[in-house]
Amino acid sequence: MTLRVLPGGRDQGGPGLLVRGAAEVVTMTGGLRRGASQDDPAAITADASSGGPTGPRAPAVAAWGGRIVAVGPLDEVTARLSAEGLDAERFAVVDARGGMVTPGLIDPHTHLLFAGTREGELRLRQRGAGYLEILAAGGGILSTVTRTRAASAEQLHAHGRRWLDEMLGHGVTTIEAKSGYGLDVETELRLLEVLGVLGDEGPVEIVPTFLGAHAVPAEYRDRPDGTEAYVRRVIGEQLPAIELQGIARFCDVFCERGVFSAEQSRRILEAGIRHGLAPRLHADELAPSGGAELAAELGAVSADHLAAPSREGMAALVRAAGSPHPVVATLLPATSLYLMKERDAPGRTLIDRGVPVALGTDFNPGTSPTPNLPLVLSLACLRLKLTPAEALAAVTINAAHAVGLGETHGALEPGRVADLVVWDASSHEVLPYWLGADLARVVVKGGAVVLARG
Ligand code: NIG
Ligand code: FE
């Protein structure tokens with residue numbers, strides 16, 4: 001079969017795409033990873049017996065109409081394509097040039113949209129100010145809320161576009177993104193509206209989350225019953241409007257001692273379920289706050305941060321891991337680094353105890369101003385003691401499960417959405433080795449080349 005080779009795959013015309021010439025293809029087939037299986041990337045490598053990356057049995061990936069149709073040795077893949085009657089002339093070819101191919105990365109926790117920056121807090125924290133102390137003094141999240149309420153949809157869109165483009169450059173093809181810097185119904189709806197537009201424009205796919213309970217807004221803080229009154233506002237006013245708008249898929253809460261209690265978080269998340277939003281939460285980021293326990297009790301898709309879970313919280317996640325729908329522990333090590341914390345989330349222990357682990361950037365203006373998910377992969381290896389394969393599973397198949405896309409995204413498996421990245425790396429171990437480097441060479445979203453470098 002003759003293959004039409006297009007330089008860099010840029011001018012892709014037809015519905016087909018064939019990626020060949022790779023030293024390794026990490027497929028991540030086999031579903032959600034937990035325990036020992038998190039260390040299995042289900043990789044196919046071009047060894048001497050396959051004739052190296054340019055050999056006839058080097059690993060290849062084929063997509064048709066936006067979906068993966070075949071993965072395996074090149075000769076088997078091409079045989080499969082002809083058996084299925086797919087016209088070779090209609091396949092654009094991407095030459096991986098001895099690089100490595102993975103599923104498109106998924107960032108399962110971002111606060112993509114906000115206005116303004118908070119560089120001044122860095123110096124405050126260097127001088128010993130605590131994160132919640134800055135928030136209590138009206139800074140932190142609340143200063144971003146003031147700026148975000150004043151921002152137009154166009155300004156928020158331009159900001160989102162700028163950072164989404166950078167995420168794409170790091171090999172990210174899908175993100176979860178939260179509202180939460182409005183804290184009033186009008187701005188929360190505006191944030192979700194802009195997330196909807198950005199996701200429709202693509203190429204990065206966006207899973208929108210409503211985070212009205214991110215903090216208690218300034219106008220409620222002087223009242224003795226302020227937190228309670230705001231919780232009632234989120235449940236009684238915001239959630240019905242969010243459901244009517246129909247953009248958000250998840251409801252999130254900042255469940256933390258001094259912010260929203262586990263009991264308040266439960267009420268908000270249960271109301272979210274009644275409004276069609278699946279629960280996820282910021283759990284035990286700074287102190288044990290009952291967040292992990294609540295996530296397990298509600299069957300949340302994901303419990304995020306977990307830098308300080310209680311012993312009971314850990315046990316609850318371990319119990320949930322044995323159920324058909326385990327809670328994914330979404331860890332955010334860039335946040336612990338940025339908050340200058342000595343203690344990280346117990347990533348190693350969670351995996352060793354069978355809890356599925358995902359990793360995200362937590363991209364936000366206060367605690368993690370980084371769009372670089374591969375950097376987070378390195379941090380997970382360096383600080384959480386994950387292996388490179390475990391970390392990669394955490395930003396592909398497990399991240400897909402953490403955002404409710406576990407059956408369609410996150411793996412190079414026939415039938416799944418054809419999102420993939422060609423890396424300037426000969427194996428998956430090389431990815432976390434380079435710290436903060438730009439290694440993504442070609443990015444494919446839904447079977448189309450959306451970025452090609454070099
Ligand atoms: O995940 N903890 C709450 N939310 C963000 C930080 C938001 C902010 O500081 O602006 C987080 O760390
Ligand atoms: Fe967050």
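Quick notes
- Cβ charges +1 (Lys, Arg) and -1 (Asp, Glu), total dipole of region 206-288, debye: 180
- With the simple spin-label model, which puts each label point 7 Å out from Cα in the Cβ direction, the Glu342 to Ala48 separation comes to 5.1 nm.
- Calculated P(r) tail over 29 Å for the chain, as whole % of Cα pairs: 45
- Carbon/sulfur fraction of accessible area - region 105-402, other protein chains in place, 1.4 Å, %: 53
- Measuring against 26 Å, Cα to Cα, the residue pairs Lys341/Lys445; Lys341/Lys385; Lys178/Lys445 contain Lys341/Lys445 as the ones spanning a longer distance.
- Rounded to the nearest 500, the 222 nm mean residue ellipticity of the chain from helices alone is -9500 deg cm²/dmol, with -39,500 (n - 2.57) taken per DSSP H run of at least 4 residues.
- Cβ-placed point charges (K, R +1; D, E -1), dipole of the chain about Cα centre in debye, nearest 20: 420
- Accessible surface of Val216 - all protein chains present, 1.4 Å probe, nearest 10 Å²: 10
- Each of Tyr230, Tyr220, Tyr433 has its accessible area taken with a 1.4 Å probe; listed largest first, they run Tyr433, Tyr220, Tyr230.
- Rounded tilt (10° steps) of 262-274 against the dominant C-alpha axis of the chain: 60
- Close amide H contacts of Leu451 (hydrogens built in the peptide plane, cut-off under 5 Å, sequence separation of 5 or more or a different chain): Val443.
- FRET efficiency for the Glu166 to Leu244 pair, using the beta carbon distance and R₀ = 22 Å, is estimated at 0.10.
- Distance between the 7 Å Cα→Cβ label points at Arg147 and Val197: 2.0 nm.
- Potential lengthening between Ile273 and Lys385 on full extension [0.36 nm per residue; Cα-Cα distance subtracted]: 36.8 nm
- Spin-label pair Thr349/Asp87, simplified geometry with 7 Å Cα→Cβ offset, distance in nm: 6.0
- Taking the C-alpha atoms only, the angle from helix 185-201 to the longest principal axis of the chain is near 0 degrees.
- Under 5 Å from the amide H of Val328 lie the amide H atoms of Ser302, Ala303, each residue being 5 or more positions distant or on a separate chain, with H modelled from the backbone and absent for Pro and chain starts.
- Extension reserve of the Gln126-Asp39 stretch, reckoned as 0.36 nm per residue once the Cα distance is removed: 27.6 nm
- Computed over protein heavy atoms with a 1.4 Å probe, the accessible surface of the chain works out to 36 Å² per residue.
The values are calculated or read from the model by the stated rules, or taken from the named source; none is laboratory data. In this text the structure is predicted, and so the values were computed from the model without any measurement. Note that each Cβ is placed from the backbone with ideal geometry, even for glycine, and that neighbours are counted across all protein chains shown. Heads up: the accessible areas ignore ligands, DNA and RNA and are worked out on the full protein's heavy atoms, side chains in. Shrake-Rupley method; radii C 1.70, N 1.55, O 1.52, S 1.80 Å.
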